[in-house]
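Everything on this sheet refers to the single structure shown next.
The values are calculated or read from the model by the stated rules, or taken from the named source; none is laboratory data. Quick caveat: nothing in here was measured; it's all calculated off a predicted structure. Every residue, glycine as well, gets a Cβ built from its backbone with ideal geometry; the counts of neighbours run over all protein chains shown. We work out accessible area using only protein heavy atoms, side chains counted, and drop any ligands, DNA or RNA first. Shrake-Rupley method; radii C 1.70, N 1.55, O 1.52, S 1.80 Å.
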Amino acid sequence: MTLKSKDLLGLKDLTEEEIEYILRTAKTMKLILESKNKKTPHLQGKSVITLFYENSTRTRLSFELAAKYMSASAANISVAASSVAKGETLIDTGKTIDMMGADVIVIRHSMAGAPHLLARNVKASVINAGDGMNEHPTQALLDMFTVVEKKGTLKGLKVAIIGDIYHSRVVRSNIWGMTKLGAEVCVAGPSTLIPRELDKVGVKVFNTVQEALIDADVVMGLRIQKERQKKGLFPSLREYYRFFGLDDKRLKLAKEDALVLHPGPVNRGVELSSAVIDGDKSLINEQVTNGVAVRMALLYLLTRRDSVEGIN
Amino acid sequence: MRVLIKGGYVIDPKTNTDGVNDILIEDGIITEIGNISDELVDLNCDVIDAKGKYVLPGLVDAHCHLRDPGFEYKEDIESGTRSAAAGGFTSIACMPNTNPVADNESVIRYIINKAKQDGVVNVYPIGAISKGQKGEELSEIGELKFAGAVAISDDGKPLKSASLMKRALEYSSMFDITVISHCEEMDIADEGVMNEGYWSTIMGLKGIPSAAEEIMVARELILAEYTKVPIHIAHVSTELSVDLIRHAKKRGVKVTCETCPHYFVLTDEACAGFNTYAKVNPPLRAKKDVEAIIEGLKDGTIDVIATDHAPHHEDEKNIEFSLAANGIAGFETAFPLAVTYLVKPGHLTMSQLVEKMCINPSKILGLNKGSLEIGRNADITIVDIDEEFVVDVKKFKSKARNSPFNGFKLKGTVYYTIVNGKVVVREKVLL
């Protein structure tokens, strides 16, 4: 089996089989990651460029390490957000990188659809590492990997996602991915942070965190960007925590063996209480490890498409 | 020099003409309509066989952008008027968001003079309501009028201040010049890039609520009622806007309004896949809005179909969706879209379409155009509404290619465009 597209732009475009294939591959990669000698030749002779138009520490490092563990040449380009509008166009930048022999370009951009534009204009495979409020597919894949690793499957699970749904690309990717694998996704957050007509995309939308949490198998908190409060989308972090914060008491509404996830970085005492973050339900640290495994899997699958083409 | 149009089906509700007739044009003026004898045919007479075709008053566009002066890389008066002629338009009114802004006499005169020199259709400039379209001080509206502006509008940069709009209405009433409002409450539209709804949610793009348009439509209707000065609402795109205008008309408010083909043909789904050609302002809306626009056209709430021809350079569309320019190059698809989506499904008769694309825009802008009366300048469009063609943006006469309709199969081809008696399009070929 191969991935149909040369790029990974979002989970909206992947089939259930493709997602499962990526997760299976990531399982193998995790074994490599946990071995003593974290080096494989899978990507020898390949180059991976991270092109980041937004600040990022963990996602970028995760991709870079994934590439290096598999022996790829890796390089980073950071473009200041301020130069997006007036500087070189994305297409021109992409073509330049392409002509230097990039096999994979990992892009993060503040504008939805930027990876799609890049992908149409380069020969290299493009991986979306987050585009505006649209998608963050590798984050969702690592979330799903983490759940499947613990629960065996996503089928029939109730996943409660709490927080700033409106601005979250993590939510969108998780909605597409998790519902494709048979989970029931419920969301809750301040009503000013719920996008319009979200109920029509196959998720349940609740106004209280309690309703969303009842009998949940997986609970995911989302990062609250402090500047959203300044824009008047909710009155204060204090009030947010009071109505939507996840603490031990609220978590009791979820199933006994519920898992707690968060894409990080966490604002302690805003989205989650410190006790929950550091508690035994929390998989926040494991998510980070799994992120590298999932990204190794993707780099591997996308760079071997050429050599296996025609076999299937 | 004479032109004789033979045997076409002539429609002009203003003169109650609805049947097969011949039209004689002498020295650019319509001199006879009826059954005209072939005796007139001689070497000095250009005979056009219009059998099986509709002969209409030349189309009048109440809203377009010619980008001249200042943005000639997108379009200029020559290419823009040629595009208009190819689409069957004989008179067009262009918006003032040029560089410099058409907020003073000299820019208005420049446009009029350049149109006389390079243009192939009649061009009527629209002046800015406020200096520099900044929404702070009124432009010299009287001077704009005397220089030849047919209306005033801050299209694209709506007046934030309700009091300035009130004053614009009051002041302009002295000069009998139409005030056109682009309704968009920027505070609520914020940084949105497409309609807020299902598709913006799916694509993770910031939405523009329909309320952004409706709030300002309501404001303008209230101000028009209060000042008793007529107002024309540009490019209506939502269900509630139509309803508010319908209600205001019932109350006797002197309001007229227009919509554009994309608002009765496309929904916001057209933006899927980050299709920047479907990025336009106001944004493409939901299905219920499209249905309401059609209803508004049928019951007469919407008076005019305008193009909002908004040409852009390819580089301004082939970029990130959020950065891409708003607008659709609409001259060359407007008439066929109206035929295909309004006349063919039975929403409008050809006669009603002539009202919305000829008579009403002409009346609202105070032009002596849009009908086939004897003694008028001969602005005539001859069309075949059954002939099908596939839209190919590469064949546009406009400099621009930005259209979401590329590849659409449409009915309604322009065979002849005659401007002041001069044949500009002959047998589908722009001369």
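Just to verify a result, which residue in the range B:160-186, among those that are of a type outside the set (Lys, Arg) and open to solvent by 70 Å² or more (accessible area, probe 1.4 Å), is farthest from B:GLU213 (Cα to Cα)?
B:MET174
From the list A:LEU142, A:LEU90, exactly one residue is within 14 Å of another protein chain (Cβ to nearest Cβ) and in contact (Cβ under 8 Å) with a residue 24 or more places away in the chain. Which is it?
A:LEU90
Name the pairs whose Cβ atoms lie under 7 Å apart, with the first residue in the range B:243-260 and without any contact (Cβ under 8 Å) to a residue 60 or more places away in the chain and farther than 15 Å from B:ASP299 by Cα, the second acidic (Asp, Glu) and surrounded by fewer than 18 Cβ atoms within 10 Å (Cβ to Cβ), and 6 or more positions between them or separate chains?
B:ARG251/B:GLU225; B:VAL253/B:GLU225
I'd like the full set of residues that are open to solvent by less than 10 Å² (accessible area, probe 1.4 Å) and within 10 Å of another protein chain (Cβ to nearest Cβ), limited to the range B:206-235.
If the condition is that a residue be open to solvent by less than 10 Å² (accessible area, probe 1.4 Å) and within 10 Å of another protein chain (Cβ to nearest Cβ), then B:GLY207 is the only one that fits.
Please specify each residue of the range B:214-254 satisfying the condition of being within 19 Å of B:ILE294 (Cα to Cα) and among the β-branched types (Val, Ile, Thr).
Across the range B:214-254, the qualifying residues are B:VAL217, B:ILE233, B:VAL236, B:THR238, B:VAL242, B:ILE245.
May I ask you to verify whether A:ALA297 is hydrophobic (A, V, I, L, M, F, W, C), touching a residue at least 24 places away in the same chain (Cβ under 8 Å) and surrounded by 23 or more Cβ atoms within 10 Å (Cβ to Cβ)?
yes
I need the strands (runs of 3 or more DSSP E) fully contained in the range B:11-71, keeping only those with at least 2 residues that are surrounded by 17 or more Cβ atoms within 10 Å (Cβ to Cβ).
The strands (runs of 3 or more DSSP E) meeting that bar are B:17-26, B:29-34, B:54-57, B:59-64.
Of the residues that make up the range B:380-394, is at least one open to solvent by 20 Å² or more (accessible area, probe 1.4 Å), at pLDDT 95 or above, in a loop (DSSP other than H, G, I, E, B) and in the same structural domain as B:GLY34 (by TED's automatic domain parsing)?
Yes: the range B:380-394 contains one or more residues that are open to solvent by 20 Å² or more (accessible area, probe 1.4 Å), at pLDDT 95 or above, in a loop (DSSP other than H, G, I, E, B) and in the same structural domain as B:GLY34 (by TED's automatic domain parsing).
Since B:LEU410 meets every condition but one in (1) part of a strand (DSSP E or B); (2) free of Cβ contacts under 8 Å to residues at least 12 places away in the same chain, which condition does it not meet?
That leaves (2) as the condition not met.
Rundown of residues vs (1) in contact with a strand residue (DSSP E or B) (Cβ under 8 Å, 6 or more places away or on another chain); (2) polar (S, T, N, Q); (3) within 14 Å of chain B (Cβ to nearest Cβ), yes/no style:
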site: A:VAL219; (1), (2), (3): yes, no, no
site: A:ARG228; (1), (2), (3): no, no, yes
site: A:LEU246; (1), (2), (3): yes, no, no
site: A:ALA254; (1), (2), (3): yes, no, no
site: A:LEU259; (1), (2), (3): yes, no, no
site: A:GLY264; (1), (2), (3): no, no, no
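Could you grab me the full set of residues in the range A:94-127 that are in a helix (DSSP H, G or I), more than 9 Å from every other protein chain (Cβ to nearest Cβ) and of a type in the set (Gly, Ala, Ser)?
Selection gives A:GLY94, A:ALA119.
Could you tell me which of the residues A:ILE97, A:ILE77, A:ILE91 is among the hydrophobic types (A, V, I, L, M, F, W, C), surrounded by 14 or more Cβ atoms within 10 Å (Cβ to Cβ) and more than 16 Å from A:SER125 (Cα to Cα)?
Testing whether each residue is among the hydrophobic types (A, V, I, L, M, F, W, C), surrounded by 14 or more Cβ atoms within 10 Å (Cβ to Cβ) and more than 16 Å from A:SER125 (Cα to Cα) leaves just A:ILE77.
Counting just the residues of the range B:250-284 that are of a type in the set (Asp, Glu) and part of a helix (DSSP H, G or I), which one comes out nearest to the other protein chains (Cβ to nearest Cβ)?
So the residue we want is B:ASP268.
Failed condition for B:ASP76, given (1) closer than 30 Å to B:ALA338 by Cβ; (2) in contact with a strand residue (DSSP E or B) (Cβ under 7 Å, 6 or more places away or on another chain), with all others met?
The single condition B:ASP76 does not satisfy is (2).
Do we have B:LYS287 as within 14 Å of another protein chain (Cβ to nearest Cβ), charged (D, E, K, R) and within 20 Å of the chain's Cα centre (by Cα) here?
No, not satisfied.
Are any of the residues in the range B:214-232 outside the structural domain of B:LYS409 (by TED's automatic domain parsing), within 27 Å of A:ARG120 (Cβ to Cβ) and in contact with a Pro (Cβ under 8 Å, 6 or more places away or on another chain)?
No.
Here are some residues: A:ILE224, A:ILE194, A:ILE214. Which one is open to solvent by 70 Å² or more (accessible area, probe 1.4 Å) and touching a residue at least 12 places away in the same chain (Cβ under 8 Å)?
On inspection, the qualifying residue turns out to be A:ILE214.
Among the helices (runs of 4 or more DSSP H) contained in the range B:146-229, which hold 1 or more residues that are under 26 Å from the mean Cα position of the chain (by Cα) and modelled with pLDDT of 95 or more?
Counting at least 1 such residues, we get B:162-172, B:186-189, B:210-227.
Could you please let me know if B:LEU240 is in contact with a Ser or Thr (Cβ under 9 Å, 6 or more places away or on another chain), of a type in the set (A, V, I, L, M, F, W, C) and within 14 Å of chain A (Cβ to nearest Cβ)?
When the stated conditions are applied, B:LEU240 does not pass them.
Can you name every residue in the range B:316-364 that is aliphatic (A, V, I, L, M), within 14 Å of chain A (Cβ to nearest Cβ) and open to solvent by less than 10 Å² (accessible area, probe 1.4 Å)?
Passing the criteria: only B:ALA324.
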